[in-house]
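Single-structure report; data block below.
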Amino acid sequence: MLPLLAQAQCDYSPWVSVWPGPYPEVIQPKQVFLFSGNGLGGAQSLAARLQQFGSAIHVYLWSAHDSVDLLVLDRLIFTEPADVDSRTQVVLAPSRPLLTGTEYELRAFKDNENLFYLFSPGRLAPGQKRATAYRWKTTSTPDTVAPRWVATPAVKEKKYEANSEGLDNYVLFSLPLRDSSRCLVKATIRHPTSAQSVTTYLIPWQNQLGVGWFTCGGDVHFKSEEEYTVSFEAIDTAGNRAFVSGIPIRFRAPKRVACCWGN
């Protein structure tokens with residue numbers, strides 16, 4: 001990863017983040033999933049468990065008439081100093097197309113332990129079934145069209161300043177992307193001077209792509225006002241892909257703003 005400048009003191013979710021989330025309730029037969037988790041808790045942390053997906057931990061989609069393993073397509077591990085805030089992203093997809101019109105439930109086991117609680121925010125009510133919060137129905141109209149970039153993403157906003165909980169150090173890009181379904185964006189950020197680079201999966205937010213560090217989490221700590229490049233690849237829910245055409249996008253990191261928190 002690129003050099004780290006600060007660690008935020010924040011509370012982290014004890015549950016694995018799953019994209020595309022429980023809503024919408026319809027998924028593709030070749031659906032792509034992104035699982036993310038932080039590293040608080042040592043060997044039992046979400047980051048550590050995600051690193052076992054596809055090996056020690058069996059992750060699959062289950063229905064009354066079918067069961068399909070989820071295979072790891074990519075795994076990214078981000079480690080802060082002393083492993084305090086390590087984070088893992090894992091991209092998975094079905095080992096074969098899901099049955100159309102079928103409702104599936106996300107499940108995970110390690111040996112004989114049901115790891116339903118990784119995907120089930122909140123406490124179980126008395127007598128409630130030990131199940132995850134993620135159930136989807138497979139669409140009968142698969143998406144076979146790749147996303148389309150209609151322009152090159154451009155810098156919309158920059159910020160680099162301390163706050164009461166940590167540090168904001170990010171760049172927001174526009175998202176001139178067209179697709180019939182939701183998309184992830186795989187970003188590779190490079191610091192040309194040091195040749196260091198980091199790759200991460202971004203979830204678009206308000207038609208923008210955010211790269212950097214956002215108070216309590218992120219993947220890149222930019223050096224003030226230094227030059228970087230970024231490449232973007234869109235991946236829709238069905239696994240169709242499209243790169244931004246042309247050379248990597250060059251941009252300048254935000255200028256560091258001194259602040260007075262704690263004074």
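I'd like to know if region 163-170 contains one or more residues that are of a type in the set (A, V, I, L, M, F, W, C), free of Cβ contacts under 8 Å to residues at least 40 places away in the same chain and open to solvent by less than 20 Å² (accessible area, probe 1.4 Å). Give the derivation first.
As a first pass, look at region 163-170 and keep what is of a type in the set (A, V, I, L, M, F, W, C): 167.
Now narrow it down to the ones that are free of Cβ contacts under 8 Å to residues at least 40 places away in the same chain: none.
Within region 163-170, none of the residues are of a type in the set (A, V, I, L, M, F, W, C), free of Cβ contacts under 8 Å to residues at least 40 places away in the same chain and open to solvent by less than 20 Å² (accessible area, probe 1.4 Å).
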Residues that are free of Cβ contacts under 8 Å to residues at least 24 places away in the same chain and more than 23 Å from PRO94 (Cα to Cα): does region 198-211 have at least one? yes
Could you tell me which of the residues VAL198, VAL150, VAL171 is under 15 Å from the mean Cα position of the chain (by Cα), over 20 Å from SER13 (Cβ atoms) and not hydroxyl-bearing (Ser, Thr, Tyr)? VAL198
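Would you check if ALA154 is at pLDDT 95 or above, open to solvent by 20 Å² or more (accessible area, probe 1.4 Å) and of a type in the set (A, V, I, L, M, F, W, C)?
Values: at pLDDT 95 or above: yes; open to solvent by 20 Å² or more (accessible area, probe 1.4 Å): yes; of a type in the set (A, V, I, L, M, F, W, C): yes.
For ALA154, the condition - at pLDDT 95 or above, open to solvent by 20 Å² or more (accessible area, probe 1.4 Å) and of a type in the set (A, V, I, L, M, F, W, C) - is met.
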Filter region 169-184 down to the residues that are among the aliphatic types (A, V, I, L, M) and under 20 Å from LYS159 (Cβ atoms) and list them by number. VAL171, LEU172, LEU175
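If a residue has to be within 14 Å of the chain's Cα centre (by Cα) and either free of Cβ contacts under 8 Å to residues at least 40 places away in the same chain or at positive phi (or both) to count, how many in region 15-50 make the cut? Step through it out loud before you land on a result.
At the first step, the residues of region 15-50 found to be within 14 Å of the chain's Cα centre (by Cα) are 15-21, 32-38, 46-47, 50.
The next check asks that each one be either free of Cβ contacts under 8 Å to residues at least 40 places away in the same chain or at positive phi (or both); those that pass are 17, 21.
Residues that pass the stated criteria total 2.
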For PHE232, only one of the following conditions fails: (1) under 15 Å from the mean Cα position of the chain (by Cα); (2) open to solvent by 20 Å² or more (accessible area, probe 1.4 Å). What is its number? (2)
Meets criteria (aliphatic (A, V, I, L, M) and either surrounded by 20 or more Cβ atoms within 10 Å (Cβ to Cβ) or free of Cβ contacts under 8 Å to residues at least 24 places away in the same chain (or both)) for LEU177: yes
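For region 118-134, which residues satisfy the criterion of being crowded, with 16+ Cβ neighbours inside 10 Å and either closer than 15 Å to GLY21 by Cα or modelled with pLDDT of 90 or more (or both)? Write out each step before concluding.
Of all residues in region 118-134, those crowded, with 16+ Cβ neighbours inside 10 Å come to 118-120, 131-132, 134.
Selection gives LEU118, PHE119, SER120, THR132, TYR134.
The values are calculated or read from the model by the stated rules, or taken from the named source; none is laboratory data. Every value quoted in this text rests on a predicted model; they were computed, and no experiment measured them. Glycine also receives a Cβ, built like all others from the backbone with ideal geometry; neighbour counts cover every protein chain displayed. The accessibility values were calculated without ligands, DNA or RNA, using every heavy atom of the protein model including side chains. Shrake-Rupley method; radii C 1.70, N 1.55, O 1.52, S 1.80 Å.
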